[in-house]
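The numbers here are math on the coordinates, done by the rules we state, and not lab data. Values in this document were obtained by computation on a predicted structure and should not be read as measured data. Cβ atoms come from the backbone with ideal geometry, glycine included; neighbour counts cover every protein chain shown.
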Amino acid sequence: MDKRGIALLMISIVFAVAAGGGVYLYLQGMPVVEAKAPETVPVVVARQDIRFGTTLGAGHLRLSEFPKDAVPAGSFSSIDSVLSQTTKVFVVEGEAMLASKLSAIGGGLSVRIPANMRAMSLKINDDTGVSGFVLPGDRVDVVVTVDNVGGTNVAHTKTILQDLEVLAAGVKTETKNNHHITVQTVTVLVDPEGTEKLALATNQGHVHLSLRNPVDHEVVEAKSTDTRTVLGLNKPRSTSRRRTVAKKTVTDKDPVPVEPTFTVIRDGRIQKQEPVSTASTENTKPN
């Protein structure tokens, strides 16, 4: 490399160092701006998943910091302001407790019952309750079977209630015939007329629950079926008809036909002559 090239290289290095130093000095002279953390406020949230109808205690709640501009409407900043209130919906862990989700009046399941409706419970087992898969929020139909209807020894089955909402479902253990059995209690939402039907069904027959698709709310026409229909015993039997010939019976009132007779005088003697039909019949008899 010649001397001219070396000189150009050195000049370039000098300019680069000078430019870098100038930028460094400029940045050093600028004021330092400190980043501010967003302002937060405390919000009451669920410490764990909480079922509806739960009366809140200190163990259900905790405080969490929310950005001030992201605090949901209806939230609470103090745990004491939420204690003893009852949840009207399911609340998941970490979810903010809102006034719309709580009720200060009453408690338990009653806050879930709309006006002019009733909540009614019934016991079911694995055979009558879709093997225990009935859960709160499901939709069910109620089917009842009644034995010996009208003293005919024939059982009748009919769907009496359709598209009922399940409010609650719980499992408990009972003792029957010295055996422990698991019984599930299901509480459904019905109208006042439905409570009467359900009470009669549980008292007089065997109640079954039929699980529905949650988006299927169609109420179909329900017809009763019985043992004869299921077993095909209502079909008419084929019977053979015999032709009968009515026999005429002679009674005292019926007139008896009288055959005419003839009187013949021959050679001074009087003789009675039989009718021609009778005489001819006697003449045709074999000797």
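Under the simplified labelling scheme, the Lys68-Val17 pair shows an inter-label distance of 5.2 nm, with each label point 7 Å from Cα along Cα→Cβ. Once the Cβ-Cβ distance of Val41 and Thr195 is raised to the sixth power relative to R0 = 51 Å, the FRET efficiency obtained is 0.60.
Annotation: amide H-H contacts under 5 Å for Gly53 (H modelled 1.01 Å from N, sequence separation of 5 or more, or interchain): Thr87, Lys88, Val89.
Annotation: amide H of Thr40 within the under-5 Å range of Lys68, sequence separation 5 or more or interchain, hydrogens built in the peptide plane. Evaluating 6.51 cos²θ - 1.76 cosθ + 1.60 at θ = phi - 60° for every residue in the range 211-222, the Karplus couplings come out as 7, 10, 5, x, 9, 9, 10, 6, 9, 9, 6, 9 Hz, glycine and proline recorded as x. Give a quick list of GluC sites (Glu not before Pro) in the range 1-76 that DSSP marks as loop, anything other than H, G, I, E or B, with at most 12 other Cβ atoms within 10 Å. In loop regions of the range 1-76 (DSSP not H, G, I, E or B), the sparsely surrounded GluC sites (Glu not before Pro) are Glu34, Glu39.
Please work out whether the range 1-119 counts as rounded, prolate or oblate from its C-alpha gyration tensor, where a ≥ b ≥ c are the square roots of the eigenvalues and a/c under 1.5 means rounded, while otherwise a/b larger than b/c means prolate and anything else oblate? Mind dumping the intermediate values first?
Numbers: a/c = 6.32, a/b = 4.48, b/c = 1.41.
Prolate, since a/c reaches 1.5 and a/b exceeds b/c.
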